[in-house]
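Student: Following this message is one structure expressed as structure tokens.
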Amino acid sequence: MRGAPTRQGLVSDKALHLGEDILLARHGDSITGLLQNRKHDITIARLRGGRTDWAANSLVDMTPRITDSPVARLERLRDDFKADKLSIKRDEARFLAKVGAVWGGVVVALSGGVLWLAYNSGNSEMLQAMMTNPGY
């Protein structure tokens, strides 16, 4: 009776990964080959009978993350902002908000001025037609 294969028996002269240990513990001598998927950081085992199994090579992020709702993400962002844990500091964010508000006011004033100028200097009927009829 043959014992379970060792890691060195399956993979020689290569880096040993955590996924190999996990798969050996699960399947033992029914493993016919191991394959490393570097993109997903997993080890894939070919088993007797044509089946396959896989295991992660690292302990980090082995459990799938539960996606937060947008409201939960905003609440976490708000709490991080209040605690000043973000990469942008509170003072910088306030300054950018003030600059954005001033810029918005300038844009509204300029747009209003252009419309007022067009209404006073142009044909009011043509301006009314442009504003109501999209020209389709």
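The values are calculated or read from the model by the stated rules, or taken from the named source; none is laboratory data. Keep in mind that what you see is a predicted model, and the values were worked out from it rather than measured. Note that each Cβ is placed from the backbone with ideal geometry, even for glycine, and that neighbours are counted across all protein chains shown.
Student: Within segment 45-61, which residues are loosely packed, with under 11 Cβ neighbours inside 10 Å, modelled with pLDDT under 85 and not charged (D, E, K, R)?
Tutor: Hits for segment 45-61 are LEU59, VAL60.
Student: Something else now. Kindly evaluate ALA93 against the criterion of being surrounded by 11 or more Cβ atoms within 10 Å (Cβ to Cβ) and at pLDDT 90 or above.
Tutor: no
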